[in-house]
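Here, each number is a calculation from the coordinates, and none is a lab measurement. Everything numeric in this text was worked out from a predicted model, so none of it was measured. Backbone-built Cβ (ideal geometry, glycine too); neighbour counts: all protein chains shown.
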Amino acid sequence: AQKITQTQPGMFVQEKEAVTLDCTYDTSDQSYGLFWYKQPSSGEMIFLIYQGSYDEQNATEGRYSLNFQKARKSANLVISASQLGDSAMYFCAMREGPRGGFKTIFGAGTRLFVKA
Amino acid sequence: DGGITQSPKYLFRKEGQNVTLSCEQNLNHDAMYWYRQDPGQGLRLIYYSQIVNDFQKGDIAEGYSVSREKKESFPLTVTSAQKNPTAFYLCASSIGSGGPLNEQFFGPGTRLTVL
């Protein structure tokens with residue numbers, strides 16, 4: 001079974017608008033971390049934001065925020081005021097605790113296109 | 001500047017040849033990882049190492065080998081036993097592996113093409 005699911009292979013957004021990238025996860029661990037990474041066409045993986053399973057507040061980092069709904073096992077990334085430079089692949093990842101061997105599992109990614 | 005370096009950026013190899021991809025970090029991180037990425041796909045874990053002289057297989061270790069003789073270095077060898085080695089290879093490191101809070105930092109990647 002997929003542990004990280006990103007259901008949107010591609011998304012379009014108009015410059016300066018907000019966009020939500022979906023991510024659902026599956027784990028039996030109580031302690032886990034959720035991450036979002038950005039991968040531009042150059043290939044590097046850029047860390048964007050982190051949410052711990054015990055964090056009560058949604059994480060925010062500048063224009064990025066993580067909409068964490070633990071009961072629904074979702075960790076959606078919200079990008080506000082989109083910029084042309086936001087066009088890239090975005091990966092949701094989960095790092096499990098002891099039951100998962102502390103490994104990080106990545107979703108298949110969502111390609112975001114920002115239109116001028 | 002602290003970071004992770006991978007070399008070479010592009011690598012071409014003939015079928016049947018072994019090839020070694022370099023990964024070096026100066027972040028003083030204990031844990032290091034190798035991932036493979038195929039076009040349009042996410043990352044899949046090949047091997048990881050939590051400490052010097054120790055490493056574990058990931059989800060797709062067949063046809064690959066690693067060593068961890070120094071904290072800073074975690075080279076990956078793609079052997080001739082790997083049936084479809086053409087891919088983008090990413091190395092990463094984290095402070096430790098014993099917890100869910102440890103963010104991974106990535107190198108710039110090596111694109112391997114088998115001719």
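Computed values, structure above
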read-out: Kirkwood hydrodynamic radius of the range A:18-104, from inverse mean 1/r over distinct Cα pairs, in Å; value: 13.4 Å
read-out: Candidates A:33, A:97, A:85: whichever shows maximal mean-square fluctuation once chain A is modelled as a Gaussian network with Cα springs under 10 Å; value: A:85
read-out: Local electrostatic count, residue B:115, Cβ distance below 12 Å [Lys/Arg +1, Asp/Glu -1]; value: +1
read-out: Residues B:80, A:65, sorted so that the one with the fewest Cβ neighbours within 10 Å comes first; value: B:80, A:65
read-out: Modelled FRET efficiency - R0 35 Å, residue B:84 with residue A:71, Cβ distances, 0.05 increments; value: 0.30
read-out: Residue-count net charge about residue B:73 - beta-carbon cut-off 15 Å; Lys, Arg +1, Asp, Glu -1; value: -2
read-out: Cut-off 11 Å between beta-carbons: net charge of the residues surrounding residue B:46, Lys and Arg +1, Asp and Glu -1; value: +1
read-out: Ranked by how many other beta carbons lie within 10 Å on average, peptides B:23-36, A:44-57 from highest; value: B:23-36, A:44-57
read-out: Projected area, mean over directions - the range B:4-60, Cα convex hull, nm²; value: 5.1 nm²
